[in-house]
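The values are calculated or read from the model by the stated rules, or taken from the named source; none is laboratory data. Because the structure is predicted, anything quoted here is derived from the model rather than measured. Because the Cβ atoms are built from the backbone with ideal geometry, glycine has one as well, and the counts that use them run over all protein chains shown.
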Amino acid sequence: MHLVYQPQFDCRTSSVIGAEALLRWVHPVDGEIAPSEFVPVAEDSDLIVALGQWVLRRACRDAAHWNVEQGGRVYVAVNVSARQLRQGEFNKDVEAVLAESGLSPHLLELELTESQLMANMTAGVEAMRQLRAAGIRLSLDDFGTGYSSLSYLQSFPVNNLKIDRAFVKPLPEAGQPIVTAIISMAHSFGIAVVAEGVEEPAQLAWLCEAGCDIVQGYLTGRPMSSEGMTDLLRKACANPEPLP
Ligand code: C2E
Ligand code: MG
Ligand code: MG
């Protein structure tokens, strides 16, 4: 297994501000197996805890590496499963991994999904509060796809909300009201908005115009190796370019 990183761009400045770590499994016989196939299987057992720990350690180490040149400004976002969060030692493990890698807590973002959190509200929110208190950033992944009870947003101490790509796909011809509403609601809670799965220039233009803060998608950058991120960040510093 290995990790790839997909860059996230600030809509206002067009600069790369972070990257999401995505797990890849190339099976010796069957070839590449999608995370949507193997992650749920690992989530059915404690395997996800060990796997998640490995992902976290590797992602923090890689991000610490990019930031030697970048002066501590590029964060890494890591997907976390409910079972990891429920496990009592999770917060301590995160702090230990940060200490070991030398990555500053504000350069680590943990991505959680609302369905996971709602399945275990009290424990989840308490764990989130502790992580935030340690300076770690939190984001709510796949927003709008599960059973969203908007009142829960008040209880989740998140920095970012990620609009699922199912809502980005129909833009700009259709689906504007829901995306406009999500952006406005998030902003009124002081939460920044990340749009996932941006593939078309017209989607990007519409999202930036609508006040979306951050974009991630095949249009602005495909998932790449850690070395690919180092090169991308170097090039962006030497020759800053506007988004397509
Ligand atoms: P996710 O966290 O919502 O990740 C975004 C997915 O959208 C990734 O798929 C990414 O490659 C894909 N994507 C990004 N931009 C575009 C685009 O412009 N168009 C389209 N069609 N797709 C785009 P991926 O890598 O297959 O991951 C699928 C899911 O697997 C992730 O969804 C996440 O829930 C899970 N996953 C991946 N890595 C990990 C991990 O390390 N730990 C855990 N617990 N889950 C993971
Ligand atoms: Mg994610
Ligand atoms: Mg997502």
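Inspect all residues belonging to the range 220-237 and state whether any of them is loosely packed, with under 14 Cβ neighbours inside 10 Å, within 16 Å of ligand 1 (Cβ to nearest atom) and within 15 Å of the chain's Cα centre (by Cα). Yes: the range 220-237 contains one or more residues that are loosely packed, with under 14 Cβ neighbours inside 10 Å, within 16 Å of ligand 1 (Cβ to nearest atom) and within 15 Å of the chain's Cα centre (by Cα). Looking at GLN84, is it within 16 Å of ligand 2 (Cβ to nearest atom) and either within 23 Å of MET224 (Cβ to Cβ) or in contact with a strand residue (DSSP E or B) (Cβ under 8 Å, 6 or more places away or on another chain) (or both)? Judged against the criteria, GLN84 is not a match. Anything in the range 106-136 that is within 13 Å of ligand 2 (Cβ to nearest atom) and either basic (Lys, Arg) or under 23 Å from ARG73 (Cβ atoms) (or both)? List them, or say none. Hits for the range 106-136 are GLU109, LEU110, GLU111. When the range 14-36 is limited to residues that are more than 19 Å from the chain's Cα centre (by Cα) and not in a strand (DSSP E or B), the one that is nearest to ligand 2 (Cβ to nearest atom) turns out to be ASP30.
Assess whether ASP142 counts as being on the phi > 0 side of the Ramachandran plot and of a type outside the set (A, V, I, L, M, F, W, C). The answer is yes for ASP142. Of all residues in the range 148-160, those that are at pLDDT 95 or above and not in a loop (DSSP other than H, G, I, E, B) total 1.
Among residues of the range 1-23 that are away from ligand 1 (no atom under 13 Å from the Cβ), those with a Cβ under 7 angstrom from a residue that is in a loop (DSSP other than H, G, I, E, B) and aliphatic (A, V, I, L, M), sequence gap 6+ or separate chain, pair up as SER14/LEU243; VAL16/VAL74; ILE17/VAL74; GLY18/VAL74.
Taken as a whole, the structure places VAL194 among residues that are under 26 Å from VAL97 (Cα atoms) and either buried (at least 18 other Cβ atoms within 10 Å of the Cβ) or of a type in the set (Phe, Trp, Tyr) (or both).
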